[in-house]
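Visitor: Structure provided below as structure tokens; questions to follow.
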Amino acid sequence: MSSEYLLEVNNLTKRFPIKGGLFGREVGAVKAVNDVSFKIKRGETLGLVGESGCGKTTLGRCILRLLEPTSGEILYNGQNILNYGPKEMRELRRKIQIIFQDPYASLNPRMTIGSILSEPLRIHNLFEGKKERQKRLYELLDQVQLPKDALNKYPHEFSGGQRQRVCIARALAVEPDFIVCDEPVSALDVSVQAQVINLLTDLQKDLGLTYLFIAHDLKVVEYISTKVAVMYLGNMVELAEASELYGDSRHPYTKALFSAIPVADPSRKTDRILLEGDIPSPMNPPAGCHFHPRCWKATDECKTAYPSRTDASGSHYYRCYNPIN
């Protein structure tokens, strides 16, 4: 507890081997996450944005060790959890949880809500008596604003927003400190999204939670995040305080993403930046800066070596040879 940072990720890399041939030898690799580093303070929310396939979900699952990283280190409370064995990881899983994207697929349709919420309590031996466990289940339902009679119902009896509230309650059951929110509102109606986002914000204030919030919706990320990181083809290309990144982004890819945010007032509409071409394959990314084939500011330098980290301020950095000032 000596560090102000709850989570520190250093040079994290994840590669998925591709095997082929008669003997199943490795013939290549998908570079899903490449040399990613960042820190999250206690009680903060780090928003993670980028196009589909850029490595956001893979990064989140590596942090939870649902996927084993290829290299790097993950410090939780100053301890490298990649050195943990099964027993230590079991204890750690009380403190790190995940809310999945699809509330329809992440709940067992054959289990009642009471059974779903009781399972993590049973696994971690948190409550021995039935009366204490029942009291805890009622507390969880109250935290996510669901009625007590929900315990006897099945997932199919609830709407999408209510199911996601059940998923949030399941994550909260073991009293975690850190939660990976993997696009928790993308499968919900817009009106319901706002309710779930406000619920997550209130829970963070009340329980002192720390979030890694993965999403496509840039306005949602701006609303909930303390800091925002932008990923492209497995690399983290820019990171800054939310207000600074949205007001003074430097990387051309970040500028292109933000230009696509809908604006309600037509008089304030900015010019849309249309990127040419498709996202390169992570199996065979371009040499140098991976973004240079689609970048309107690319030079010969961009094609030779990947840009090193440039600090714009104490909490704002980017990787680009020709930033936008």
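For every residue, the table says whether it meets (1) in contact with a Ser or Thr (Cβ under 8 Å, 6 or more places away or on another chain); (2) modelled with pLDDT of 95 or more; (3) assigned to a loop (DSSP other than H, G, I, E, B).
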{"site": "Leu126", "(1), (2), (3)": "no, no, yes"}
{"site": "Gly161", "(1), (2), (3)": "no, no, no"}
{"site": "Ile168", "(1), (2), (3)": "no, yes, no"}
{"site": "Cys181", "(1), (2), (3)": "no, yes, no"}
{"site": "Val185", "(1), (2), (3)": "no, no, yes"}
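Visitor: Further question: Please tell me if Lys227 is within 28 Å of Glu4 (Cα to Cα), among the basic types (Lys, Arg) and within 15 Å of the chain's Cα centre (by Cα). Can you show your working first?
Guide: Details: within 28 Å of Glu4 (Cα to Cα): yes; among the basic types (Lys, Arg): yes; within 15 Å of the chain's Cα centre (by Cα): yes.
For Lys227, the condition - within 28 Å of Glu4 (Cα to Cα), among the basic types (Lys, Arg) and within 15 Å of the chain's Cα centre (by Cα) - is met.
Visitor: Any chance region 251-263 includes a residue that's within 26 Å of Thr58 (Cα to Cα), surrounded by fewer than 20 Cβ atoms within 10 Å (Cβ to Cβ), touching a helix residue (DSSP H, G or I) at 6+ places or on another chain (Cβ under 9 Å) and not aliphatic (A, V, I, L, M)?
Guide: yes
Visitor: A further question follows. Exactly one condition in (1) surrounded by 12 or more Cβ atoms within 10 Å (Cβ to Cβ); (2) part of a helix (DSSP H, G or I); (3) in contact (Cβ under 8 Å) with a residue 24 or more places away in the chain is false for His156; which is it?
Guide: (1)
Visitor: Further question: It is to be established whether one or more residues within region 266-273 are of a type in the set (Asp, Glu) and under 26 Å from the mean Cα position of the chain (by Cα).
Guide: No - not one qualifying residue is present in region 266-273.
Visitor: Right, another one. Test of understanding: among Leu207, Leu233, Leu239, which residue is among the hydrophobic types (A, V, I, L, M, F, W, C), crowded, with 18+ Cβ neighbours inside 10 Å, over 18 Å from Gly47 (Cβ atoms) and out of contact with any helix residue (DSSP H, G or I) (no Cβ under 7 Å at 6 or more places or on another chain)?
Guide: Values: Leu207 fails: crowded, with 18+ Cβ neighbours inside 10 Å; Leu239 fails: over 18 Å from Gly47 (Cβ atoms).
Testing whether each residue is among the hydrophobic types (A, V, I, L, M, F, W, C), crowded, with 18+ Cβ neighbours inside 10 Å, over 18 Å from Gly47 (Cβ atoms) and out of contact with any helix residue (DSSP H, G or I) (no Cβ under 7 Å at 6 or more places or on another chain) leaves just Leu233.
Visitor: Across region 276-293, what is the total count of residues that are free of Cβ contacts under 8 Å to residues at least 24 places away in the same chain, surrounded by 12 or more Cβ atoms within 10 Å (Cβ to Cβ) and not small (Gly, Ala, Ser)?
Guide: Residues flagged as free of Cβ contacts under 8 Å to residues at least 24 places away in the same chain, surrounded by 12 or more Cβ atoms within 10 Å (Cβ to Cβ) and not small (Gly, Ala, Ser) within region 276-293 amount to 3.
Visitor: Would you mind telling me which numbered condition in (1) on the phi > 0 side of the Ramachandran plot; (2) exposed (fewer than 12 other Cβ atoms within 10 Å of the Cβ) Glu128 fails?
Guide: (1)
Visitor: Being among the small types (Gly, Ala, Ser) and in contact with a Ser or Thr (Cβ under 7 Å, 6 or more places away or on another chain) is the filter here, so list the residues in region 59-109 that pass it. Walk me through how you get there before you give the answer.
Guide: Initially, region 59-109 is screened for residues among the small types (Gly, Ala, Ser), giving 60, 71-72, 78, 85, 105-106.
Once the filter is applied, which keeps residues that are among the small types (Gly, Ala, Ser) and in contact with a Ser or Thr (Cβ under 7 Å, 6 or more places away or on another chain), region 59-109 yields Ser71, Gly72, Gly78.
Visitor: Would you check which residues across region 1-41 are under 22 Å from the mean Cα position of the chain (by Cα), of a type in the set (A, V, I, L, M) and farther than 19 Å from Leu82 by Cα and list them?
Guide: Passing the criteria: only Val30.
Visitor: Among residues belonging to region 83-118 that are over 24 Å from the mean Cα position of the chain (by Cα) and charged (D, E, K, R), point out the one that is farthest from Asp142 (Cα to Cα).
Guide: That would be Lys87.
Visitor: Give Pro282, Pro286, Pro323, Pro293 a once-over and let me know the one that is within 17 Å of Asp35 (Cα to Cα) and more than 23 Å from the chain's Cα centre (by Cα).
Guide: Details: Pro282 fails: more than 23 Å from the chain's Cα centre (by Cα); Pro323 fails: within 17 Å of Asp35 (Cα to Cα); Pro293 fails: within 17 Å of Asp35 (Cα to Cα).
Among Pro282, Pro286, Pro323, Pro293, only Pro286 is within 17 Å of Asp35 (Cα to Cα) and more than 23 Å from the chain's Cα centre (by Cα).
Visitor: Scan region 213-230 for residues that are crowded, with 22+ Cβ neighbours inside 10 Å and among the charged types (D, E, K, R) and report the count.
Guide: Qualifying residue count, region 213-230: 1.
Visitor: Could you please let me know if Ala229 is of a type in the set (Gly, Ala, Ser), at negative phi and in contact with a Lys or Arg (Cβ under 7 Å, 6 or more places away or on another chain)?
Guide: When the stated conditions are applied, Ala229 does not pass them.
Visitor: Being without any contact (Cβ under 8 Å) to a residue 60 or more places away in the chain and either of a type in the set (A, V, I, L, M, F, W, C) or not in a loop (DSSP other than H, G, I, E, B) (or both) is the filter here, so list the residues in region 207-227 that pass it.
Guide: Going through region 207-227, the residues without any contact (Cβ under 8 Å) to a residue 60 or more places away in the chain turn out to be 207, 217, 219-220, 223.
Across region 207-227, the qualifying residues are Leu207, Lys219, Val220, Tyr223.
Visitor: Quickly run through region 187-204 and pick out the residues that are buried (at least 17 other Cβ atoms within 10 Å of the Cβ) and part of a helix (DSSP H, G or I). Break it down stepwise before answering.
Guide: Looking only at region 187-204, we keep the residues that are buried (at least 17 other Cβ atoms within 10 Å of the Cβ), and these are 187-188, 192-193, 196-197, 199-200, 203-204.
Correct list: Val192, Gln193, Val196, Ile197, Leu199, Leu200, Leu203, Gln204.
The values are calculated or read from the model by the stated rules, or taken from the named source; none is laboratory data. Since the structure is predicted, the reported quantities are computational estimates derived from the model, not experimental observations. Counting neighbours? That spans all protein chains shown, and the Cβs are built from the backbone with ideal geometry, glycine included.
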